[in-house]
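*Asks:* Take a look at the following structure, please.
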Amino acid sequence: MARVRIDLPDRLRVRGRGRVELQDAAAGRTHGWDEERALEATARLAVELEELQYKLFADGRYGILVVLQAIDGGGKDSTIRHVFSAFNPQGCAVRAFKAPSAEELRHDFLWRIHQHVPPRGELVVFNRSHYEDVLVVRVDGLVPERVWRARYRQINDFERMLGENDIRVVKLFLHISKGEQRRRFEERIHDPRKQWKFDPQDLRKRAQWPAYRRAFGDMLGRCNTRHAPWYVVPSDHKWVRDLAVAQIMHATLSSLPLRFPSPRFNPRSMRVR
Ligand code: AMP
Ligand code: MG
């Protein structure tokens, strides 16, 4: 069987360190893929991802931290369900970050984050992350500007430290258009299976759309580093999103020099009686 073409990571990777201007039109791009081929390719990638993760675990020298960020309705939960379910739960965890507790607020903003970074050999997905501290915190003015401004550098320092300790950081921004967000909110409001997901606060955040666009754009530029790159994933079409995320995970895992440890015994001298 032909290998799956890995064309999206290179196209979706953020270039440079300037503010990224997010355009609604980019959220619906398909990059030449159609739904049928994308679904088939994603399914084939899932099989390879499981095998790569098996090797990551056996090798034990590298960990992978995946950061998922999006505007509300962007599809973080659904990406986890569709793509990250390919991985063996022994060695893959998901951690969701909500508004900080009173205790968490007494610490520096990275305190609650660092303890959930994966150990070597494992993979952890952050559903929201330390980036909320330069997103909702910035847009709602929860701390003074000098505090959130300093965080771009503090985040880069933190992620560099992780990289130097063999934790690869992969950051995915799920990009949806304002029209697609409306469709998804309306579905959440009217579909009894989805109503639990809708938070009336989400409408307040939607009204702050331009401020969020700026905050996301700055985050994508200022924290785009060699050791922890950002990817902008077109997410209006779920099948493009899932294919892109599967490809990015495949490229990331394949870039590691993974190997099975050599046995601590001589197989020829072993007899199982
Ligand atoms: P959800 O992911 O839809 O369950 O919502 C989680 C909520 O927690 C979102 O409204 C986030 O903006 C909020 N949140 C997450 N991290 C922070 C943070 N560091 N400061 C303030 N709010 C946060
Ligand atoms: Mg929500």
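The values are calculated or read from the model by the stated rules, or taken from the named source; none is laboratory data. Quick caveat, the model's predicted, so the values are computed rather than measured. Positions of Cβ are backbone-derived with ideal geometry, glycine not excepted, and every protein chain shown enters the neighbour counts. Just the protein is used for accessible areas: all its heavy atoms, side chains included, with ligands, DNA and RNA removed. Shrake-Rupley method; radii C 1.70, N 1.55, O 1.52, S 1.80 Å.
*Asks:* Using amide H atoms built 1.01 Å from N in the peptide plane, name the residues 5+ places from residue 122, or on other chains, whose amide H lies under 5 Å from its own.
*Replies:* Amide H neighbours of residue 122: 64.
*Asks:* Shape verdict for the stretch 118-247, please, from the Cα gyration tensor: rounded (a/c under 1.5), prolate (a/b greater than b/c) or oblate. Working shown, then result.
*Replies:* Working: a/c = 2.05, a/b = 1.34, b/c = 1.54.
Because a/c hits 1.5 or more and a/b fails to exceed b/c, the stretch 118-247 counts as oblate.
*Asks:* Let me ask something else. Can you list the residues, at least 5 places off or on another chain, whose amide H is less than 5 Å from the amide H of residue 171, using H built in the peptide plane?
*Replies:* Long-range HN contacts for residue 171: 67, 231.
*Asks:* Provide the FRET efficiency to the nearest 0.05 for the residue 58-residue 29 pair, computing r from the beta carbons and using R0 = 51 Å. List each step's numbers first, then the result.
*Replies:* Numbers: r = 37 Å, r/R0 = 0.73.
It comes out at approximately 0.85.
*Asks:* What list of ³J(HN,Hα) values in whole Hz, one per residue of the stretch 13-20 in order, does the Karplus curve 6.51 cos²θ - 1.76 cosθ + 1.60 (θ = phi - 60°) give from phi, with Gly and Pro shown as x?
*Replies:* Whole-Hz 3J(HN,Hα) from phi for the stretch 13-20: 5, 5, 9, x, 10, x, 4, 7.
*Asks:* Rounded, prolate or oblate: which one fits the stretch 16-259, using the alpha carbon gyration tensor with axes a ≥ b ≥ c (rounded when a/c is under 1.5, else prolate when a/b beats b/c, else oblate)? Walk me through the numbers before you get to the answer.
*Replies:* Details: a/c = 1.56, a/b = 1.09, b/c = 1.43.
Here the stretch 16-259 falls in the oblate category.
*Asks:* Report the gain in length on full extension from residue 90 to residue 145: 0.36 nm times residue separation, minus Cα-Cα distance, nm rounded to one decimal.
*Replies:* Working: separation 55, 0.36 × 55 = 19.80 nm, distance 4.11 nm.
Roughly 15.7 nm would be gained on extension.
*Asks:* Now for a separate question. Leaving ligands, DNA and RNA out of it, report the carbon-plus-sulfur percent of the accessible area of the chain at a 1.4 Å probe.
*Replies:* Details: 7250 of 14440 Å².
Roughly 50 percent, rounded to a whole number.
*Asks:* Any idea of residue 109's accessible area? Nearest 10 Å², probe 1.4 Å.
*Replies:* Here the residue's solvent-accessible area equals roughly 30 Å².
*Asks:* State the extension gain, in nm to one decimal, for the chain segment bounded by residue 209 and residue 3, taking 0.36 nm per residue of separation less the distance between their alpha-carbons.
*Replies:* Values: separation 206, 0.36 × 206 = 74.16 nm, distance 4.02 nm.
Gain on stretching residue 209 to residue 3: 70.1 nm.
*Asks:* How far, in nm, would the chain grow between residue 226 and residue 265 when pulled straight, counting 0.36 nm per residue and subtracting the alpha carbon separation? Before the final figure, lay out each step's value.
*Replies:* Values: separation 39, 0.36 × 39 = 14.04 nm, distance 3.92 nm.
Here the answer is 10.1 nm.
*Asks:* Also: Students sometimes get this wrong: rank 54, 231, 131 by accessible area, probe 1.4 Å, all chains present, largest first.
*Replies:* Values: 54 135, 231 25, 131 0 Å².
Final ranking, largest accessible area leading: 54, 231, 131.
*Asks:* Please list 3J(HN,Hα) in residue order for the stretch 239-255, calculated via the Karplus relation 6.51 cos²θ - 1.76 cosθ + 1.60 where θ = phi - 60°; whole Hz, with x for glycine and proline.
*Replies:* After applying 6.51 cos²θ - 1.76 cosθ + 1.60, I find 6, 6, 4, 5, 5, 4, 5, 4, 5, 5, 5, 4, 5, 5, 5, 5, 7 Hz.
*Asks:* Further, regarding this structure: Return the calculated 222 nm mean residue ellipticity for the chain, to the nearest 500 deg cm²/dmol, obtained by summing -39500 (n - 2.57) across DSSP H runs with n ≥ 4 and dividing by the residue count. Present the calculation step by step, with values, prior to reporting the outcome.
*Replies:* Working: 11 runs with 120 residues, N = 273.
Helix contribution divided over all residues of the chain: -13500 deg cm²/dmol.
*Asks:* How many lysine pairs in the chain, separated by 8 or more positions in sequence or lying on different chains, have Cα atoms less than 30 Å apart?
*Replies:* Summing the qualifying lysine pairs gives 29.
*Asks:* Would you kindly derive the ³J(HN,Hα) couplings of the stretch 32-40 from the backbone phi angles with the Karplus curve 6.51 cos²θ - 1.76 cosθ + 1.60 (θ = phi - 60°), listing them in order in whole Hz, with x for Gly and Pro?
*Replies:* Running phi through 6.51 cos²θ - 1.76 cosθ + 1.60 with θ = phi - 60° gives x, 8, 10, 4, 5, 5, 5, 5, 5 Hz.
*Asks:* Moving to a separate point now. If I model a spin label as a point 7 Å beyond the Cα along the Cα-Cβ vector, how far apart are those points for residue 101 and residue 197 in nm?
*Replies:* 2.7 nm
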